[in-house]
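So the structure is just underneath, and the comments pick up after that.
The values are calculated or read from the model by the stated rules, or taken from the named source; none is laboratory data. Since this is a predicted model, take the numbers as computed values, not measurements. Reconstructed Cβ throughout: ideal geometry from the backbone, glycine too, with neighbour counts over all protein chains shown. Accessible surface areas use protein heavy atoms only, side chains included; no ligands, DNA or RNA. Shrake-Rupley method; radii C 1.70, N 1.55, O 1.52, S 1.80 Å.
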Amino acid sequence: MGRRRRPAELAGAAGALPEAIAALSRALPAGPSPETFRRAKFDRPEAAPALWRLLFRVLSPPRADGASASRALEAQARWVKAALLTQGYPRLRLARLPDDGSQGSRELLLALSWLLARKPLLEPLLARTRVRLGDELPAFECGALASPSLPAPRLEADGPVDACHLQWLMGKLRFRWRNLMASQQEQCALLGKIHMYTRGCHSDCRLGHLSVAETELLRDPEGGRQLLRRLESENARLGAALEWWRRELVFWQWMDTVLGACPPEAPQPACPPGLGGRGRTAGAWDPAVWELQALQEELQAAVGARRAAWAARVRGQGPEWSAARQAAQEATREAVGRELAALRQAWERGGGPQPHGPLRLVRTEAGAPGGPGLRAVEAIGALKSREACLEAALHQLQAQCRQQLARLAGALPGLLWIPPPGR
């Protein structure tokens, strides 16, 4: 049996709760007031719009033009529902809320607590709004984006595939890639000019030159006040995050009471949830329910036929299917071996793990002693190693595509296949 809490402990926990909620509100981007959290516990409708906007700010990717923050409340509510659904939010009551953003404050509070408990939420939000004083290089962050994740499900096209449309998409992708590379090269050239012209102007001898933000302060001194206000706001959010991490346990104890105040989830009805209620009799929806049940039976029959055809196809191929499966497994082992070899070489060459995260760009003279950071030669070597791994994966995928084209060409002997010209 758990020990019974003393009145002094209960009073201390009750007094720490407003401070914990206030710290969380200050740490979140455009966080609502603590009074909004209190009203959300009792499912007050006036607290719903602020929580819809908060979840939208938390879940939406950052936009440089600020176009996402100017969306209407209905669009933000629909976007939040879709984002939580894709992330696996378990409660279906949130998906049934109206899109006008006028209801469901308690469900939104539960969704926010689910995001806080699921993974670190404040750290990426604080890093997103961090004030950048120096010219930074997002080194090795592209490795997390380009690294292979769970394989996407393969879908067989029922109808013919438009090869001209695929070539047009590929050309469009190459065009945008060339534009991106040209813009990055131009940005690097401008950074090099600024670093060279401001050499010797920085008070820190290890840096030696000014960054773009510091040069802008010299050109426009009034911008220093705005920068100072941004730094003060960032420091306040960092202090609020530290206070939230110290008082986090009190918030979760309060969320247990919020969850206990929610009515239990009703079992799934036989008909779709959107058909029930709304001031109409149940008999008015009977034809629609029967039609949906008939469509469901047809879909189940179609899925069963597809599954049976696929099983018969697999059994008919026999040893060829086993050989293809073994070849795929062997190719996967070779790819994993190449990845491990590249990581081992990078470890031996660098003497340890390469640093991750944004790094400040500092221009140094040839032969000058380097600081504790990462030198450009090391960064280029690590990126070339990653490029070699990606090139190997690309060649493997191209070989698999050629094999599939050869198989298709053998299955249709009367069709002339013209491969695209090599680039």
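Which of (1) of a type outside the set (Ser, Thr, Tyr); (2) modelled with pLDDT under 90; (3) open to solvent by less than 70 Å² (accessible area, probe 1.4 Å) does residue 5 not meet, given it meets every other one?
It fails just one condition, (3).
Show the residue pairs that are 6+ apart or on different chains and have beta-carbon atoms under 7 Å apart, the first residue being within the stretch 115-133 and more than 19 Å from residue 51 (Cβ to Cβ), the second being hydrophobic (A, V, I, L, M, F, W, C) and part of a helix (DSSP H, G or I).
Cβ pairs passing all conditions: 126/238; 126/241; 131/231; 132/213; 133/213.
Any idea how many residues of the stretch 201-234 are open to solvent by 100 Å² or more (accessible area, probe 1.4 Å) and outside any loop (DSSP other than H, G, I, E, B)?
Counting residues in the stretch 201-234 that are open to solvent by 100 Å² or more (accessible area, probe 1.4 Å) and outside any loop (DSSP other than H, G, I, E, B) gives 7.
Just to verify a result, which residue in the stretch 235-260, among those that are among the aromatic types (Phe, Trp, Tyr) and surrounded by fewer than 17 Cβ atoms within 10 Å (Cβ to Cβ), is farthest from residue 136 (Cα to Cα)?
So the residue we want is 252.
In the stretch 35-53, how many residues are within 17 Å of residue 76 (Cα to Cα) and open to solvent by 20 Å² or more (accessible area, probe 1.4 Å)?
5
Can you name every one of the helices (runs of 4 or more DSSP H) wholly within the stretch 51-147 that holds 2 or more residues which are modelled with pLDDT of 85 or more?
Those helices (runs of 4 or more DSSP H) span 73-86, 105-118, 122-128.
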